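Below is one structure; the comments refer to it alone.
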Amino acid sequence: MELPERKMRILQAIIRTYLATGEPVGSRTISKYADLNLSAATIRNEMSDLEELGLIIQPHTSAGRIPSDVGYRLYVDEMLREKEKSQQEREGVLLAREDRLENLLKQVVKLLATNTNYASMISSPVISRNKIKFIQLSQVDAQHVLAVIVIEGNLIRNTMIPVDEEIDAQELLKLNMLLNGNLAGLAIEQINIGLIAAIKQQAGVHSQLVANVIDAAAKAIEADEHPEIYTSGADNIFRYPELADQSKASRIIGDFEEKQVLGNIVRETLADPDTEGIQVYIGGEVPARGQGMEDCSVVTATYELSEGMKGTIGIIGPKRMDYDKVVDVMKQIMTQLDDYYKQ
């Protein structure tokens, strides 16, 4: 839907006022906007048109208007277009260096909640369509060999593999060359039965060791269907009267704490190739929503640490959330995550 400029400006004024106050907005309030320079009567006529278009609704007789889900959608789409044009981002959200990915993700989700005053979530990166980068076998003792499997993105998986007897350094070197010569650069779907049989045959008496290493390598690069989800700021829900009602709040908090709904959102957004960049879901648009999510808006973004390693960032709040600020904060976090891992 495209609106004439004046109607769009009035709709934006209604939504911004409602975002700030949470109260229905009347024509007299909107007429005080200096940049509109319109009479209350003119604004009433325009608001009547907006109501007929389904962009605003009147919750009670003789009350002002509030945005509908369709009105929010039009507002958000226009705001995102303006963001793409300007590329101007706010300052103040800074990530500190972390040695462990888990600590970095916890820091991100806390920053999101603190800087937006909404609930936030982030999933650990899901490894999909990933490839083996390098395999290193090392003798630990007479009964164990350590297999260090490095996959794209420099993620490391260590597996202790039992052996019948100690293997000398020369044999380990040959096994390392055999495994890397055949498996380096392959994705899981490229490791077929014929390839495995050929490698085992070349390994000779160490065929069982090689088979165990290949199993460990395949497990390391397969997609994780249940990523860890970190959350923060659930108590921010109670800041907003429209969500603070005991029954609504308990449903939302339940969805948030059980994480099943959040997990569904992560899986759906990562599975859809059209959800690159920042996405805004309003009310009934929220994917795989739980009972409490119909009263919320959810803003998500897909972050990528390296090719094949993707996760989801999300902000959950009322429909009257400050979309402008949320998108700014999300863009800052995305940029910093990208720079963080390039370094």
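Here is a yes/no grid of residues against (1) under 18 Å from Leu80 (Cβ atoms); (2) in contact with a Ser or Thr (Cβ under 9 Å, 6 or more places away or on another chain); (3) at pLDDT 85 or above:
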position: Glu307; (1), (2), (3): no, no, no
position: Tyr323; (1), (2), (3): yes, yes, yes
position: Val327; (1), (2), (3): yes, no, yes
position: Lys331; (1), (2), (3): yes, no, yes
position: Gln336; (1), (2), (3): no, no, no
position: Tyr341; (1), (2), (3): no, yes, no
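If you go through the range 187-208 one residue at a time, do you hit one that is touching a strand residue (DSSP E or B) at 6+ places or on another chain (Cβ under 8 Å), modelled with pLDDT of 85 or more and either in a helix (DSSP H, G or I) or under 26 Å from Asp338 (Cα atoms) (or both)?
The answer is no, given that none of the residues of the range 187-208 is touching a strand residue (DSSP E or B) at 6+ places or on another chain (Cβ under 8 Å), modelled with pLDDT of 85 or more and either in a helix (DSSP H, G or I) or under 26 Å from Asp338 (Cα atoms) (or both).
Please work out which one of (1) under 13 Å from Ile221 (Cα atoms); (2) surrounded by fewer than 12 Cβ atoms within 10 Å (Cβ to Cβ) is the condition Ile149 fails and give its number.
(2) is the only condition that Ile149 fails.
Would you be able to say whether some residue in the range 35-52 is on the phi > 0 side of the Ramachandran plot and either outside the structural domain of Asp328 (by TED's automatic domain parsing) or modelled with pLDDT of 80 or more (or both)?
Scanning the range 35-52, I find at least one residue that is on the phi > 0 side of the Ramachandran plot and either outside the structural domain of Asp328 (by TED's automatic domain parsing) or modelled with pLDDT of 80 or more (or both), so the answer is yes.
Condition first: at pLDDT 70 or above and more than 20 Å from Asp339 (Cα to Cα). Now tell me which residues in the range 83-114 satisfy that.
Lys83, Ala113, Thr114
Which numbered condition trips up Lys133, out of (1) at pLDDT below 80; (2) surrounded by 14 or more Cβ atoms within 10 Å (Cβ to Cβ)?
It is condition (1) that Lys133 fails.
Criterion first (acidic (Asp, Glu), under 26 Å from Asn130 (Cβ atoms) and either touching an Asp or Glu at 6+ places or on another chain (Cβ under 8 Å) or not assigned by TED's automatic domain parsing to the domain that holds Ile265 (or both)) does Asp215 satisfy it?
yes
Yes or no: Leu155 modelled with pLDDT of 85 or more, surrounded by 12 or more Cβ atoms within 10 Å (Cβ to Cβ) and of a type in the set (A, V, I, L, M)?
no
Scan the range 164-177 and give yes if some residue there is surrounded by 14 or more Cβ atoms within 10 Å (Cβ to Cβ), within 30 Å of Tyr303 (Cβ to Cβ) and aliphatic (A, V, I, L, M), otherwise no.
no
Picking from Ile156, Ile161, which residue would you name as being closer than 30 Å to Ile265 by Cα, β-branched (Val, Ile, Thr) and not in a helix (DSSP H, G or I)?
The unique qualifying residue is Ile156.
Within the range 283-293, does at least one residue satisfy the condition of being buried (at least 20 other Cβ atoms within 10 Å of the Cβ) and modelled with pLDDT of 90 or more?
no
Please specify each residue of the range 39-73 satisfying the condition of being surrounded by fewer than 19 Cβ atoms within 10 Å (Cβ to Cβ), among the hydrophobic types (A, V, I, L, M, F, W, C) and not in a helix (DSSP H, G or I).
Matches in the range 39-73: Leu53, Ile57, Ala63.
Considering every residue within the range 167-178, establish whether at least one is without any contact (Cβ under 8 Å) to a residue 12 or more places away in the chain, in a loop (DSSP other than H, G, I, E, B) and out of contact with any helix residue (DSSP H, G or I) (no Cβ under 9 Å at 6 or more places or on another chain).
yes
So which residues in the range 211-249 are hydroxyl-bearing (Ser, Thr, Tyr) and either in contact (Cβ under 8 Å) with a residue 40 or more places away in the chain or not in a helix (DSSP H, G or I) (or both), if there are any at all?
Once the filter is applied, which keeps residues that are hydroxyl-bearing (Ser, Thr, Tyr) and either in contact (Cβ under 8 Å) with a residue 40 or more places away in the chain or not in a helix (DSSP H, G or I) (or both), the range 211-249 yields Tyr230, Thr231, Ser232, Tyr240.
If a residue must be in contact with a helix residue (DSSP H, G or I) (Cβ under 6 Å, 6 or more places away or on another chain) and not aromatic (Phe, Trp, Tyr), how many such residues does the range 218-230 contain?
Here the count works out to 4.
The values are calculated or read from the model by the stated rules, or taken from the named source; none is laboratory data. Model, not experiment: these values are computed from the prediction. We place every Cβ from the backbone using ideal geometry, glycine too, and count neighbours over all the protein chains shown.
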